[in-house]
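Let me begin by presenting the structure, written as C-alpha cells, before commenting on it.
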Amino acid sequence: MTTHHNFLERDIITVNFDPSVRTEIKKRRPAIVISKNGYNKGHSQVIVCPITSTTKDSFFLVPLIAPVIQGILKPGSKVNTSQVFTLDVTPGSTRVYPFKTWKSTVKQGLEMFDKGV
C-alpha cells in the first residue's frame, strides 16, 4: 500500500479546490476532515468539507468555535456541509496540504458529524 498522510477525523487541513466547476467552492482554503479514522488509516483518500468565512447564514453552514477562539481560523469560520469532497492524500498530491498543527477536540458546533447528519 502506498504511504500517505495520516490525517485524523476533525483535523483541519489546507486544500486547493481549484479547478472547480460552476458553484463548487474555489481557491486554496482550510477544510475539515470528516471521514472516520479507520477509513483514513486504510485508504489513500480523506473526505472533507471546506471551511469558509462567509458572512452568510444557512442551515448547512456550521460554525466552528474552538479553532476560532485559538486564533487558528478567522472569526466567523464555518464548515460548508453542502460540499463534500473525497481527496487523494498520497505523497505528491497537489491538492492537500497540512494546515497548522492542531488536533480538533471540538464538540460544540460539530455534533452533526457525530450524528452522521
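The values are calculated or read from the model by the stated rules, or taken from the named source; none is laboratory data. Here the structure is a predicted model, which means the values were calculated and not measured. Cβ coordinates were reconstructed from backbone atoms using ideal geometry, including for glycine residues, and neighbour counts include every protein chain displayed.
Among the residues examined, GLN83 qualifies as polar (S, T, N, Q) and under 12 Å from the mean Cα position of the chain (by Cα). Looking at THR14, THR54, THR86, THR90, just one residue is touching a Gly at 6+ places or on another chain (Cβ under 9 Å) and not aliphatic (A, V, I, L, M), and that residue is THR54. The single condition among (1) under 13 Å from ARG29 (Cβ atoms); (2) touching a residue at least 24 places away in the same chain (Cβ under 8 Å) that PRO67 does not meet is (1).
Quick one: in segment 35-56, of everything that is basic (Lys, Arg) and in a loop (DSSP other than H, G, I, E, B), which residue is modelled with the lowest pLDDT? In this case the residue turns out to be LYS56. Taken over segment 77-114, the criterion of being assigned to a loop (DSSP other than H, G, I, E, B), out of contact with any His (no Cβ under 7 Å at 6 or more places or on another chain), at pLDDT 70 or above and of a type in the set (Val, Ile, Thr) is satisfied by THR81, VAL84, THR94. Among the residues making up segment 37-51, a single one is within 18 Å of ASN80 (Cα to Cα) and surrounded by fewer than 19 Cβ atoms within 10 Å (Cβ to Cβ): ILE47.
Between ILE25, ILE32, the distinction of being touching a Cys at 6+ places or on another chain (Cβ under 8 Å), surrounded by 18 or more Cβ atoms within 10 Å (Cβ to Cβ) and either in a loop (DSSP other than H, G, I, E, B) or in contact (Cβ under 8 Å) with a residue 60 or more places away in the chain (or both) belongs to ILE32 only.
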